[in-house]
Each structure stands twice: as structure tokens, then as C-alpha cells.
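Colleague: Before I ask anything, here is the structure I am working with.
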Number of protein chains: 2
Amino acid sequence: MAFDTNDDTMSRSETYDLISSEKVDGTAVFNRNGDKLGTVHHFMVGKRDGRVRYAVMSFGGLFGMGERYHPLPWDVLTYDTEKGGYAVDLDKDKLEGAPSYERGSEPTYDRIYGEQVYGYYGVPY
Amino acid sequence: MAFDTNDDTMSRSETYDLISSEKVDGTAVFNRNGDKLGTVHHFMVGKRDGRVRYAVMSFGGLFGMGERYHPLPWDVLTYDTEKGGYAVDLDKDKLEGAPSYERGSEPTYDRIYGEQVYGYYGVPY
């Protein structure tokens with residue numbers, strides 16, 4: 001996703017494309033039809049390179065399976081300024097079968113897990 | 001700063017270079033002598049490109065001027081795995097004169113502010 005400071009559709013409240021790490025929790029996630037799928041719970045960020053690797057979504061309730069966390073590779077997300085959230089091109093079946101975990105059962109975010117999750121979504125780790 | 005997955009000095013607890021956005025608060029910041037200067041309060045992250053632009057440090061107490069937030073360009077930070085924190089090559093005078101703000105007086109993180117802050121530290125915005 002390119003960084004575009006000339007996006008004249010960007011609203012004043014968007015604070016010029018930056019968001020505090022304290023405030024990512026709750027950002028909406030939509031599918032391509034505009035239906036809300038869930039919300040961002042947190043980002044996983046590289047301590048050295050400062051790159052977000054995953055947006056970890058919570059999709060609790062939607063599929064009736066309690067709150068679960070789905071780590072999504074950053075590259076499958078597109079920020080939608082008008083909606084103020086992220087769009088993903090994923091259907092329900094794809095998400096239901098995706099790597100996920102329950103609260104308190106966080107995975108080790110190592111390379112093996114990275115390749116598994118990124119691989120599921122068809123993007124290179 | 002390069003992303004290096006082959007860093008064999010990385011401890012197991014470092015979770016392979018990733019940190020949750022929920023947990024950046026409190027990460028220590030050291031100078032080159034190893035003296036602790038303060039802690040990370042939050043990151044400012046590009047919503048579109050997923051890049052951390054600033055680590056906002058709180059240096060409260062150290063200089064006897066109450067808690068102030070100093071946004072530091074990402075490029076002036078180096079993650080120190082052994083210390084589990086960030087090293088910066090900045091002396092006290094440089095930090096005291098740096099762009100900063102008090103709680104509740106957050107700046108608008110736009111391009112003008114970015115050029116001001118990055119310029120102060122001598123790195124391109």
C-alpha cells in the first residue's frame with residue numbers, strides 16, 4: 001500500500017495518515033461489499049524495522065464462535081479513508097478457515113507461523 | 001534499520017522481533033552510554049503503509065520539567081536486543097531543545113510538523 005500524502009479525499013480527522021498505536025483498537029474491518037466483519041484488536045510491529053506485519057482482528061460474534069483473533073498479513077488490508085477502516089477482499093469461508101486463536105492462547109509470532117499465515121492468504125512472508 | 005531474522009543474539013522472549021501495539025508503552029530508551037533516558041509512550045503509525053513514523057517518548061522527571069512527550073523519528077532509534085529497549089545517539093541538550101508537547105496538547109502530525117521534527121534530528125522526512 002503506497003503512502004500518499006496527496007490524497008485529497010482524506011478528511012481532517014484522519015490526522016494525515018497517522019494513527020497512535022494506542023488507538024488502533026476498534027478500527028473497523030470491512031469486506032468488499034462494505035459489510036463490517038470485525039475490528040482491529042492490535043497490530044504486531046517489527047521492533048527493529050518499524051513495519052506492521054499483522055493487523056490482528058477480532059471477529060467475535062459474527063460467526064457465532066466466541067471472540068477469536070485472526071492475524072491478517074498487512075498486505076491484505078487496504079485503508080479506506082471514507083469508511084475510516086480497513087477493507088479486505090475475503091469471504092466468510094476464507095476467514096472461518098484462517099489461522100486464529102483464542103484470548104490467552106497467543107501463538108509465537110516466529111517465521112514458521114508467519115509463513116503459515118501469510119501462505120494461507122497467498123502473500124509472501 | 002534492517003530486519004534481520006538471523007540475529008542469533010535475539011532472546012526467546014523477544015518473540016522474533018515483533019511486539020504488539022498494546023505493549024510498546026514502557027519500552028526503555030537509552031543513550032549511547034547505556035543510561036536510561038525515558039520510555040516509549042506510543043508509536044505513530046501510517047494507516048496506509050503500516051510504517052512507524054515516530055516513537056513518542058515520555059521523558060518525565062528526568063529534566064525536572066514534568067512529563068513531556070518527545071516524538072522521535074523512527075530512524076534515530078536502534079533496537080538493542082540485549083537491553084530490550086531502544087538506543088538513541090542524543091545528548092541531554094539535544095533532547096531538551098527538541099520538539100515536544102504536554103499531555104493534552106498533541107500536535108497535528110502533518111507534513112509540516114514531520115519536516116520540523118525530522119529536520120531537528122537531521123533525518124529526511
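The values are calculated or read from the model by the stated rules, or taken from the named source; none is laboratory data. Small disclaimer: the values here were computed from a predicted structure and weren't measured. Cβ coordinates were reconstructed from backbone atoms using ideal geometry, including for glycine residues, and neighbour counts include every protein chain displayed. What goes into the accessible areas is simple: the full protein's heavy atoms, side chains included, and nothing from ligands, DNA or RNA. Shrake-Rupley method; radii C 1.70, N 1.55, O 1.52, S 1.80 Å.
Colleague: Once fully extended, how much extra length lies between B:TYR101 and B:ASP35, figured as 0.36 nm per residue of separation less the alpha-carbon to alpha-carbon distance?
Modeller: 21.5 nm
Colleague: Another question, if that's okay. For B:LYS83, place a label point 7 Å from Cα along the Cα-to-Cβ direction in every copy; what are the distances to the other copies, in nm, shortest first?
Modeller: Once sorted, the set of distances for B:LYS83 reads 4.3 nm.
Colleague: Also, quick follow-up: Would you work out if the range A:27-120 is rounded, prolate or oblate? Take a ≥ b ≥ c from the square roots of the eigenvalues of the alpha-carbon gyration tensor; rounded if a/c is under 1.5, else prolate when a/b is larger than b/c, oblate otherwise.
Modeller: It is oblate, given that a/c is not under 1.5 and a/b is not larger than b/c.
Colleague: While we're looking at this one, here's another question. What does the copy distance list look like for A:ARG111, label position 7 Å along Cα→Cβ, in nm and ordered from shortest?
Modeller: For A:ARG111, the other copies' label points sit at 3.9 nm, shortest first.
Colleague: Counting pairs of alpha carbon atoms under 8 Å apart in space and at least six apart in sequence, what relative contact order in percent does the range B:27-120 give?
Modeller: 25 percent
Colleague: A further question on this structure: Nearest 100 Å² is fine: what is the total accessible surface buried where chains B and A meet, probe 1.4 Å?
Modeller: By this definition, chains B and A bury close to 3900 Å².
Colleague: Name the long-range amide H neighbours of B:LEU90: under 5 Å, sequence gap of 5 or more, or other chain; modelled H, no Pro or chain starts.
Modeller: Residues meeting the amide H criterion: B:ARG32.
Colleague: Hey, got a sec? Which trypsin sites (Lys or Arg not before Pro) in the range B:73-125 land in a DSSP loop and have at most 16 other Cβ atoms within 10 Å?
Modeller: Answer by residue number: B:LYS83, B:ARG103.
Colleague: Per residue of B:38-44, what is the mean number of Cβ atoms on other protein chains within 10 angstrom of that residue's Cβ?
Modeller: Mean partner shielding for this stretch: 4.
Colleague: Can you say what percent of the DSSP beta bridges in the range A:27-120, counting only those with both residues inside, are antiparallel? Round to 5.
Modeller: For the range A:27-120, the DSSP antiparallel bridge percentage is about 90.
Colleague: For the range B:75-125 and the range A:52-125, what is the separation of their C-alpha centers, rounded to whole Å?
Modeller: So the separation of the two Cα centres works out to 32 Å.
Colleague: Also, I was wondering about something else. Can you give me the long-range amide H partners of A:LEU37? Hydrogens built in the peptide plane at 1.01 Å from N, cutoff under 5 Å, separation of 5 or more residues or another chain.
Modeller: Counting only residues 5 or more places away or on other chains, the set is A:VAL29, A:PHE30, A:ASN31.
Colleague: Quick one: in chain B, whose Cβ comes closest to the B/A rotation axis, and how close in angstrom?
Modeller: Looking at chain B's Cβ atoms against the axis toward A, the nearest is B:SER21, 2.
Colleague: Hey, another quick one. Charges at C-beta only: +1 for Lys and Arg, -1 for Asp and Glu. How large is the resulting dipole of the range A:27-120 about its Cα centre, in Debye rounded to 20?
Modeller: The dipole of the range A:27-120 has a size of about 260 debye.
Colleague: Karplus couplings for the range A:82-98 from phi (6.51 cos²θ - 1.76 cosθ + 1.60, θ = phi - 60°), rounded to Hz, Gly and Pro as x?
Modeller: Going residue by residue, I get 4, 7, x, x, 9, 9, 10, 9, 9, 8, 4, 4, 4, 5, 4, x, 7 Hz, with x marking Gly and Pro.
Colleague: Put a label point 7 Å from Cα along the Cβ direction on A:GLY97, then list its distances to the equivalent points in the other copies in nm, shortest first.
Modeller: Inter-copy label distances (nm, one decimal, shortest first): 6.1.
Colleague: Can I ask one more? For A:VAL24, enumerate residues with amide H under 5 Å from its amide H, sequence gap 5+ or separate chain, H modeled in the peptide plane.
Modeller: none
Colleague: How much of the accessible area of the range B:27-120, probe 1.4 Å, is carbon plus sulfur, in whole percent?
Modeller: Carbon with sulfur: 41 percent of the solvent-accessible area.
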